[in-house]
Structure formats: structure tokens, C-alpha cells
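Each remark here refers to the structure printed beneath this line.
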Amino acid sequence: MAVFCLKNLEPLTRVGERLQKTRLEQNLSLEDIFKKTRIPLKYLSAIESGRFQELPQTKAHRLAYMRGYAEALNLNPASFLYQFSQESETECPPRLPSGHLAKPWLFSSLSNIFKKIAIAVLLAGFLGYLVWQVNGILQPPKLTVFTPMDGYVSNRLTTLVQGETEKEIKLTINGKEVRPNDLGRFEISLDLSNGVNTITISAIKKHGKTTTITRHVMVKSNSLSAGNAELNF
């Protein structure tokens, strides 16, 4: 595809050529201009040859160099600044061979792909976390009772209730609140009466979900049996 640049410059002589011609007429070298202006020689050479793309990108620096060069030759910088602005604005950027366009396009495409992948990963992670949180709210708490076993028969009027639940759970045994340790384990000695005893262990989450386990313990006290025997005698 052809690239056209419209240039309407007056005078026809380029600004760099005008400066160079005046410098030579005054028998000055680029080194002499450098000593007067402290403008680097590479920039002075670029101005004279019209290679404006090699100058600093900031407009203020470009205009300062042009003004300094003109004043070093005792010229009125106004017309030179105006012509320089016209030439630099209408300067055609160097065209790259078609093969050079493939790499930036490729890097841009890869960058877009990686961005989309990163966004997808973040979105999947957020959704996974959200599902985990909702599932934690909807699921009842875990509760395991180690002792006593259901249907356990004892000759003692006390039993040890042991088990494990989740952290930050409200735990009650027969309506009495019991505090699990940092690992969620609990242990309490519970008084019993003769006959069948019902032990209800409940784990309650903050949002109200509850898990309840019931154990039945039969107590046959030897002391009670001995007392009845004496009575019958």
C-alpha cells in the first residue's frame, strides 16, 4: 500500500540545508557550533541532513536545538523554527519491509492471548472460591463421636464423651455448651442415671446448619443391685 505525504514548504530549500549553507559561508565547522551551543554533534548533523527522527522525541528539545543553532549563526530563529515545525510534522516515518510487521503483530497477539488466559484463570479462581464459600454455608458441620458407642452398657454413673468437630462451631451436649479445643476436639465427663440414658451431641454453624448425633447408654449399677438384694433379704 503506497504512503503519500503532502509537503508544502516555503522556501524550497530545506531548513537544514539553509543552516549548513550559512555555516559554510561563515567558515564554521560543526565543532565550532558545538562549542557555541553545546548541542551534541550527532544532533547538529541530523538537523543539517534532515534526519529529524534521530533528534530527541520531545518537541521542546527539538525547538531548543533549532533555535540555538540559528542563533549561533546570528540568524533570526523565527523562520527556521517555523520551517522546522512544518518539515518535522510532515516528515514521513520510515517504512518497514512487510516481514518486519509480522513480529510486532505476533507479539501483540501473544500478549492478548496471555491477558485473556490470565483473566480466565482469575475468573475461575474467583468462581471456585465463591462456590467453596457457598458450599461451606450450605453444608452441615462435620461431627464425629468417638465415645460412647450407641447401646453401650456400663456399671458406672459417669461416662466420657469424646469426639471431633470443625473449628469455630458451637457444640452442645444435652443442651450444655462445650468448647472444643483449637483442633476441634472435645472431651467431657457426663453424669448418668440408672437405666437408659440419652446423650445428644449437636454441632451448630454460624448460619444455623446443624449436625446432631444421639448415643444411648445403659447403666446397670452394681451398688443399686446390691442394695436391692439386701432389701429382699
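Consider THR158 carefully, then state whether it is in contact with an Asp or Glu (Cβ under 7 Å, 6 or more places away or on another chain) and in the same structural domain as PHE186 (by TED's automatic domain parsing). Outline the logic, then answer.
Values: in contact with an Asp or Glu (Cβ under 7 Å, 6 or more places away or on another chain): yes; in the same structural domain as PHE186 (by TED's automatic domain parsing): yes.
Answer is yes for this residue.
Within the bounds of segment 182-194, is there any residue that is under 37 Å from the mean Cα position of the chain (by Cα) and small (Gly, Ala, Ser)? For segment 182-194, residues under 37 Å from the mean Cα position of the chain (by Cα) and small (Gly, Ala, Ser): present.
Out of all the residues in segment 44-62, which are of a type outside the set (Lys, Arg) and over 19 Å from THR22 (Cα atoms)?
Matches in segment 44-62: PHE52, GLN53, GLU54, LEU55, PRO56, GLN57, THR58, ALA60, HIS61.
Count, please, the residues in segment 145-179 that happen to be under 30 Å from GLY195 (Cβ atoms) and touching a residue at least 24 places away in the same chain (Cβ under 8 Å). Spell out the reasoning first.
Initially, segment 145-179 is screened for residues under 30 Å from GLY195 (Cβ atoms), giving 145-165, 170-179.
Narrowing further to those that are touching a residue at least 24 places away in the same chain (Cβ under 8 Å): 145, 148-163, 165, 170-175.
Residues that pass the stated criteria total 24.
Of the residues VAL161, VAL153, which single one is assigned to a strand (DSSP E or B) and in contact with a Phe, Trp or Tyr (Cβ under 9 Å, 6 or more places away or on another chain)? Steps first, answer last, please.
Values: VAL153 fails: in contact with a Phe, Trp or Tyr (Cβ under 9 Å, 6 or more places away or on another chain).
None of the other options fit; the residue is VAL161.
When the criteria are applied in full, SER79 fails the requirement of being in contact with a Phe, Trp or Tyr (Cβ under 6 Å, 6 or more places away or on another chain) and at pLDDT 80 or above. Within segment 50-58, can one find any residue that is at pLDDT 90 or above, within 42 Å of the chain's Cα centre (by Cα), among the charged types (D, E, K, R) and closer than 30 Å to VAL15 by Cα? Yes, that holds for at least one residue. Residue count for segment 33-66 satisfying the condition of being assigned to a helix (DSSP H, G or I) and surrounded by fewer than 17 Cβ atoms within 10 Å (Cβ to Cβ): 14. When residues in segment 169-192 are screened for being part of a loop (DSSP other than H, G, I, E, B) and surrounded by 10 or more Cβ atoms within 10 Å (Cβ to Cβ), 6 of them pass. Restricting segment 137-167 to residues that are farther than 22 Å from MET218 by Cβ and surrounded by 19 or more Cβ atoms within 10 Å (Cβ to Cβ), the residue that is farthest from the chain's Cα centre (by Cα) is LEU143.
Cβ-Cβ distances below 9 Å connect the following pairs, each with a first residue in segment 51-67 that is of a type in the set (Lys, Arg), a second residue that is surrounded by 14 or more Cβ atoms within 10 Å (Cβ to Cβ) and not in a helix (DSSP H, G or I), and a separation of six or more residues or different chains: ARG62/LEU55. Within segment 159-212, being of a type in the set (S, T, N, Q) and more than 23 Å from GLN133 (Cα to Cα) holds for THR159, GLN162, THR172, ASN174, ASN181, SER189, SER193, ASN194, ASN197, THR198, THR200. When segment 22-32 is limited to residues that are surrounded by 12 or more Cβ atoms within 10 Å (Cβ to Cβ) and assigned to a helix (DSSP H, G or I), the one that is nearest to the chain's Cα centre (by Cα) turns out to be LEU30.
The values are calculated or read from the model by the stated rules, or taken from the named source; none is laboratory data. Quick caveat: nothing in here was measured; it's all calculated off a predicted structure. All Cβ positions, even for glycine, are placed from backbone atoms using ideal geometry, and neighbour counts span all protein chains on display.
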